[in-house]
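What follows is one structure encoded as structure tokens, with my remarks underneath.
Read-outs throughout are calculated quantities, based only on the coordinates presented, and are distinct from any laboratory measurement. Keep in mind the model is a prediction, meaning the values are calculated, not measured. With ideal geometry, Cβ positions are generated from the backbone for all residues, glycine too; neighbour counts draw on all protein chains shown.
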Amino acid sequence: MNRANYDRDRGMALLRMMERIRAFEEQAELAATRDELVLGAIHLSIGQEAIPAGLLPCLNTTDLLLSTHRGHGHTLAKGASPVAMMKELLGRAGGCCGGKGGSMHIADFGVGMLGANGVVGANIHIGAGAAHGAKLLGDGRIVVDIFGDGAINRGPFLEGLNWAGVFELPILFVCEDNQYSASTRTSDMTAGDGAAARARSFGIHTTEIDGNDAEAIADLAPELVARIRQTGQPEFLHARTYRLHGHTYFDPAAYRPKAESDRQWAEDDPIQRQRDVLASHGQQSDEIDKARSDAVTEMEAALADATIAPWPADNTVFDDVQDIGSPAQEAF
Amino acid sequence: MEQMTYAQAAARAVADAMRQDPAVWCVGEDLGRGGVFKQYAGLPEEFGPDRISDAPISEAAIMGAAFGAALVGTRPIVEMRFADFALCATDELVNQIAKARFMFGGQSRAPMVIRKPMGMWRSSAAQHSQSLESWYVHIPGLVVCCPATPQDNYSMMRAAIACDDPVVYLEHKDIWALEGPVDVAESYAFGKARRRMEGDDLTIVSWSNTANVATQAAMTLAGEGVNADVLDLRSLWPWDKESVLESVRRTGHLLIAHESVQVGGFGAEVAATAAEHTPCRIKRLGSPRSLISYAPNLEDQLRVTEQMIVDAARAMYS
């Protein structure tokens with residue numbers, strides 16, 4: 001699959017972002033299992049790195065992103081600090097949400113990341129609303145709204161897509177289809193032809209893509225973004241991928257045949273695929289390996305920083321609830 | 001002072017706020033024709049379809065999308081049409097809107113007014129008549145308003161629109177046509193009760209339309225020489241604990257009246273607070289814990305009436 005005029009710089013940028021996402025999540029998993037410092041659930045996106053890496057770097061910082069409980073990769077690719085993210089996973093002061101949200105509510109409004117969400121599908125109509133607000137304000141921002149395959153069976157999928165269509169909103173819906181709704185195979189619980197067919201039924205322009213092909217996603221992303229900016233109309237992307245780990249870090253995924261995930265690791269790990277693409281286009285192997293070692297160094301340092309960060313002050317539990325009738329004045 | 005109805009007062013408040021702040025907009029079913037209760041009358045003509053926006057019958061998306069639009073810098077007024085229908089958007093209100101500022105460590109605000117017309121009028125049965133205000137008081141992050149008069153539906157609406165917190169704004173459906181004087185210069189501070197009648201014999205605490213019923217009852221009682229101090233709480237979170245305790249310390253008798261189900265109702269919170277702080281006698285009047293009917297005689301079984309308030313006050317005070 002060699003291409004003439006292959007852009008090795010872009011290829012390396014894709015690899016570096018994917019390696020950063022994976023290294024971040026490997027460190028997060030170690031912090032949970034080895035160090036017992038991550039106290040709540042974390043949902044790893046290992047195997048799904050090509051989608052954020054391919055899609056999000058072409059956005060402006062001011063553009064907006066809404067994500068899911070499996071959102072570390074999206075958040076990093078939108079430009080959030082891995083140190084602040086790791087502190088958040090450990091519930092520490094200096095975490096992007098001050099230790100109040102943890103992994104499932106990670107957000108960095110400074111880079112347009114309007115939040116992961118602990119409720120499946122709940123970000124779909126909220127994302128449509130962010131696009132609605134941007135349109136009313138006329139500020140040119142667009143929204144990328146990422147959700148999983150399980151979310152297409154929730155009401156907000158119907159209501160949010162209809163809303164974006166009716167109000168002609170500048171939003172890219174991305175169904176990151178890792179084939180599992182927690183421990184259930186999504187296809188067993190989904191009638192009809194799934195995400196793309198449903199999106200097309202709303203008259204939303206829909207594209208299907210191999211979600212483990214970082215190069216293909218990076219080719220497509222600028223086109224989708226340009227079309228949204230130009231037309232102001234919603235777009236839908238169905239990206240097929242695979243969740244190589246369990247639903248949470250403590251889920252061994254015993255409900256699926258080991259051969260299935262072994263085959264995915266061997267044949268369809270998006271990072272290995274990207275390494276192979278680069279190698280086949282003449283990229284030096286030490287450069288390819290350095291993407292991995294740099295990422296591991298960065299994320300080990302992020303975990304080390306987070307580990308020594310203090311807990312948030314006890315009284316911050318009363319901050320940022322509300323101004324009127326704030327518990328800081330009146331807890332009971 | 002101008003004379004206007006409860007519905008007109010709200011429409012005027014929204015219009016005045018929208019003229020001042022271009023970030024304020026309204027979204028909900030049927031708003032393009034002035035709203036199902038005409039509580040947006042005249043607004044579509046003045047502000048157009050982008051700022052007085054129709055919506056599909058998608059309560060979850062109305063609430064969720066308005067929330068998304070609030071996160072990026074607009075100030076939506078969300079119309080839920082009936083408080084009962086707002087239950088279709090409970091995740092959006094309770095799990096998302098109320099929690100976002102806190103969960104995200106103060107990075108965001110959700111300046112929204114969520115209008116939920118509530119309460120019994122006539123023969124609307126169990127899915128179009130409920131008063132669920134106490135549910136929302138239980139949710140940290142929300143402000144809860146229950147205006148009872150045209151003046152308060154103007155002043156409280158202006159305060160709710162100006163507020164940076166999400167405000168659950170529960171108008172009572174049975175008083176859309178209630179007329180009264182409105183001074184548009186009168187401001188409202190959340191958590192300040194309105195003293196509807198002054199007296200030293202007995203404290204009556206109420207809110208929403210039951211505050212109007214209680215005020216009528218207090219007039220009857222005054223004719224008998226029993227002077228009730230009637231406090232219309234107006235907002236339930238925050239609520240005016242200080243005024244209630246001051247009054248109860250003076251009268252020694254606390255009667256709480258509300259339309260919603262008595263069991264677990266906000267009256268229990270008022271009663272418990274009074275009991276913790278004062279040696280008073282307490283009586284609650286709320287709906288029996290049953291369901292609202294279509295047949296008028298059955299519906300009436302659940303109403304807290306003027307006569308019931310008068311009787312309860314007499315029994316307490318005598």
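General remarks:
- At R0 = 45 Å, FRET efficiency that the Cβ-Cβ distance of residue A:315 and residue A:60 yields, to 0.05: 0.75
- For segment A:16-21, 3J(HN,Hα) per residue [Karplus equation, 6.51 cos²θ - 1.76 cosθ + 1.60, θ = phi - 60°, Hz, x = Gly/Pro]: 4, 5, 5, 5, 5, 4
- Karplus-derived HN-Hα couplings along segment A:90-103 (A = 6.51, B = -1.76, C = 1.60, θ = phi - 60°), whole Hz, x at Gly and Pro: 8, x, 9, 4, x, x, 4, 10, x, x, 8, x, x, 4
- Set of lysines with alpha-carbon distance to residue A:258 below 29 Å, sequence-local pairs under 8 removed: none
- ³J(HN,Hα), Karplus 6.51/-1.76/1.60, whole Hz, each residue of segment B:37-45, x for Gly, Pro: 10, 6, 7, 10, 4, x, 6, x, 5
- Residues residue A:226 and residue A:281, FRET efficiency given R0 of 30 Å [Cβ-Cβ distance, rounded to 0.05]: 0.70
- Taking amide H atoms as placed 1.01 Å from N in the peptide plane, the amide H of residue A:235 lies under 5 Å from those of A:171, A:172, A:173, each 5 or more residues away in sequence or on another chain.
- Ordering B:285, A:98, B:63 by Cα displacement along the dipole of the protein assembly as shown toward the positive end leaves B:285 in first place; charges were set at the Cβ atoms of Lys, Arg (+1) and Asp, Glu (-1).
- Amide H contacts for residue B:196 (H built 1.01 Å from N in the peptide plane; partners 5 or more residues away or on another chain; cut-off under 5 Å): B:230, B:231, B:232.
- Reference-scaled alpha-carbon Rg (2.2 N^0.38 Å with N residues) for the protein assembly as shown: 1.09
- For the residues of A:134-145, the average number of beta carbons from a partner chain within 10 Å of their own beta carbon is 3.
- Partners for residue A:78 among lysines (Cα-Cα distance below 26 Å; same-chain residues under 8 apart left out): A:87, A:100, A:135, A:290, B:99
- Using 0.36 nm per residue and subtracting the Cα-Cα separation, the extra length available between residue B:183 and residue B:311 on full extension is 42.6 nm.
- Peptide packing: for A:271-277, B:23-29, A:311-317, A:52-58, the average count of neighbouring Cβ atoms within 10 Å per residue gives the ranking A:52-58, B:23-29, A:271-277, A:311-317, highest mean first.
- Taking amide H as placed 1.01 Å from N in the peptide plane, residue B:260 has its amide H under 5 Å from the amide H of B:287, each at least 5 places away in sequence or on another chain.
- Length added when fully stretched, residue B:57-residue B:198, from 0.36 nm per residue minus Cα-Cα: 46.2 nm
- Using a simple spin-label model with pseudo-atoms 7 Å out from Cα toward Cβ, residue A:259 and residue B:164 lie 6.0 nm apart.
- Shielding by other protein chains, A:152-163, mean Cβ within 10 Å: 4
- Packing-based exposure ordering (other Cβ within 10 Å, fewest first) of A:186, B:149, B:305: B:305, A:186, B:149
- Listed by Cβ neighbour count within 10 Å, with the fewest neighbours leading, B:4, B:80 appear as B:4, B:80.
- Averaged over B:25-32, number of beta-carbon atoms from partner chains that fall within 10 Å: 1
- Potential lengthening between residue B:246 and residue B:38 on full extension [0.36 nm per residue; Cα-Cα distance subtracted]: 70.9 nm
- Rough spin-label spacing in nm, given labels placed 7 Å along Cα→Cβ, for residue B:291 and residue A:267: 5.5
- In this simple spin-label approximation, residue A:187 and residue B:45 carry label points 7 Å from Cα along the Cα→Cβ vector, and these lie 5.9 nm apart.
- Net charge of Cβ neighbours under 15 Å - reference residue B:11; Lys, Arg +1; Asp, Glu -1: -2
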